[in-house]
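Below: the structure, in C-alpha cells.
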Amino acid sequence: MAEAVRTIEGVELPPAGKYELDPNHTVLGFEARHILTKVHGRFTEFEGTIDLAERPEDSSVTVEAKTASVESSVQQRDDHLRSADFFESEKYPVLTFRSTGVRHTGGTSFELDGDLTVRDVTRPITLKGEYLGTGVDPFGNTLLSAEARATVERADWGLTWNVAVETGGWLVGRKVQIEIEAELNLAS
C-alpha cells in the first residue's frame, strides 16, 4: 500500500498530489430508462485529474469526455446519442465537469459538488461518492480508487428529445444516473 500521509476518521489517505484518470481502469458511465428497462452507456475517450490537497476539502477534480465516444453496445442508438437530438457531437465535442467543493460525509464517503457542462449548458450537480483505497500497482506507481454517482434531469442540459409510447409513458426516461468508477495514478 502507498504510504498514507494523513488519516481521517480512521481512513488512510494517499499522498497529496495530482492524480490522473487511468482510461484502462476507469468507467465514465450512465444509466437511463428505455420504456421499462435500463440502458447503460459510457464514454470511451476522456481525461481527468484529481488535485488531492493536504486538506482533502481543498482538493479539486476536472474531467473532460469526448461526446462522440459515447457507447451503449448498439450502433444505431450510439449514432442517435451523437446526433442533434442528444449530444450533438459535431457541434459540442466535449462535455466537462469541474468541481466547486468537496465534503467528507463520514467514513470513506464524500460529496463532490461541481459544474457539469453539456452542449454549452452548465448546471451544478452533486456526486455522492466513496473512496475505495490507495495502493501501488505492479510498476511501482501510487494509485487511488473512488466511485461516485448522481442522478440528473437530462432536460436541464437541453436533452429533451423523446417519443410517447403507445402503452403510456416515454421511450427515454427523463432522469439519468451518472456512474463513475475511477482509478487514478499519481502523476510523476
Residues that are in contact (Cβ under 8 Å) with a residue 12 or more places away in the chain, among the hydroxyl-bearing types (Ser, Thr, Tyr) and within 27 Å of HIS34 (Cβ to Cβ): does the range 134-146 have at least one?
no
Out of the range 147-162, which residues are buried (at least 19 other Cβ atoms within 10 Å of the Cβ) and touching a residue at least 40 places away in the same chain (Cβ under 8 Å)?
ARG154, TRP157, LEU159
Applying the selection to the range 149-187, what residues are out of contact with any Ser or Thr (no Cβ under 7 Å at 6 or more places or on another chain) and of a type in the set (Asp, Glu)?
GLU153, ASP156, GLU166, GLU179
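Rundown of residues vs (1) among the β-branched types (Val, Ile, Thr); (2) buried (at least 16 other Cβ atoms within 10 Å of the Cβ); (3) farther than 26 Å from ASN141 by Cα, yes/no style:
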site	(1), (2), (3)
THR44	yes, no, no
GLY48	no, yes, no
LYS66	no, yes, yes
VAL74	yes, no, yes
LEU81	no, yes, yes
PHE97	no, yes, no
Scanning for something farther than 17 Å from GLY29 by Cβ and at pLDDT 95 or above, does the range 162-179 turn up at least one residue?
no
Scanning the range 171-188 for residues that are of a type in the set (Gly, Ala, Ser) and in contact with a His (Cβ under 9 Å, 6 or more places away or on another chain), the one farthest from LEU21 (Cα to Cα) turns out to be GLY173
Here the residues within the range 8-25 that are surrounded by fewer than 17 Cβ atoms within 10 Å (Cβ to Cβ) and outside any strand (DSSP E or B) are GLU9, GLY10, PRO15, ASP22, PRO23, ASN24, HIS25
By residue number, the members of the range 163-178 that are surrounded by fewer than 15 Cβ atoms within 10 Å (Cβ to Cβ) and either assigned to a helix (DSSP H, G or I) or not charged (D, E, K, R) (or both) are VAL163, ALA164, VAL165, THR167, GLY168, GLY169, TRP170, LEU171
Complete set of residues in the range 89-133 that are part of a loop (DSSP other than H, G, I, E, B), touching a strand residue (DSSP E or B) at 6+ places or on another chain (Cβ under 7 Å) and either among the hydrophobic types (A, V, I, L, M, F, W, C) or touching a residue at least 40 places away in the same chain (Cβ under 8 Å) (or both)
GLY107, THR108
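The values are calculated or read from the model by the stated rules, or taken from the named source; none is laboratory data. It should be emphasised that the depicted structure is a prediction, and the values quoted were computed from it without experimental measurement. Every residue, glycine among them, receives a Cβ derived from its backbone with ideal geometry; neighbour counts consider all protein chains shown.
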